[in-house]
Amino acid sequence: TFLAGNLSKIVHGGWVPLLIALAVITLMTTWRRGRQLVQDERKEREGSLAEFIERVNTKHIPRVEGIAIFPHPNKETTPLALRANVEHNHVMHRTVLIVSVLTANVPHVPHAKAFTRDDLGYEDDGIDHITIKFGFSDDQDLPKALHAACLAEVLDIDPDEMEHASYFISRGALRPTPGH
């Protein structure tokens, strides 16, 4: 009844908000589909972190001195920068930290609850994943947080060495591909 009573308004200008709504829905569904395609492609390029570490440990990749830090959103896939560094240089740093940052739904996260370390299955290979939780009011200073993790003995790294760590940022380019 409600729909039937308002159908006559479509002819007298009611089509404008319907057209706008259709355009917004089309835009948002296209955006969502594109985002999913990009995420799937990146996940495929990154590959499994567990498989990458297994390959690195069995191939005995040469190690160079220093600490390499790779910010990455999860510990399921390999950071592209880590994969590219190993494939291009055929070496890895002695200490590799894959760092994920989470923002908690609280203003501040105490240091005792801010850090979670995972050796990713190998205790002595020098590759660790650390999750750092920040509150929404906390200063999200990654080097400062990693220094605090060393002081809290979450990481087996001298805090002074963290000042000389190298940060590697993964980067992905968007390119059109056939069929998409």
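Compute the whole-percent fraction of alpha carbon pairs in the range 23-180 spaced more than 22 Å apart. The answer is 49 percent, as a whole percent.
For Met92, the amide hydrogen comes within under 5 Å of the amide hydrogens of Arg63, Val64, counting only partners 5 or more places away or on other chains and with H modelled in the peptide plane. Distant-in-sequence amide contacts of Thr77, defined by a placed amide H-H separation under 5 Å and a gap of 5 or more residues or a different chain, comprise Leu49.
Averaging Cα coordinates gives a centre for the range 22-60 and one for the range 79-110; these two points are 17 Å apart. Across the range 37-89, the convex hull enclosing all Cα atoms gives 84 Å³ per residue.
Only helices enter the 222 nm calculation for the chain: every DSSP H run of n ≥ 4 contributes -39,500 (n - 2.57), and dividing by all residues gives -13000 deg cm²/dmol, rounded to 500. Phi-derived couplings, Karplus 6.51 cos²θ - 1.76 cosθ + 1.60 at θ = phi - 60°, listed residue by residue for the range 103-111: 9, 7, 8, 9, x, 9, 10, x, 4 Hz, with x used for Gly and Pro. Positive-end ranking of Phe52, Thr103, Gln36 along the dipole of the range 35-127, with charges on Cβ about the Cα centre, is headed by Thr103. Within the range 1-84, the ratio Rg/Rh, alpha carbon atoms throughout and Rh by Kirkwood, equals 1.44.
Bear in mind these aren't lab numbers, they're just calculated from the coordinates by the rules spelled out. From a predicted model like this one, the values you see are computed outputs, not experimental measurements. Neighbour counts are summed over all protein chains in view; Cβ atoms, including those assigned to glycine, are modelled from backbone coordinates with ideal geometry.
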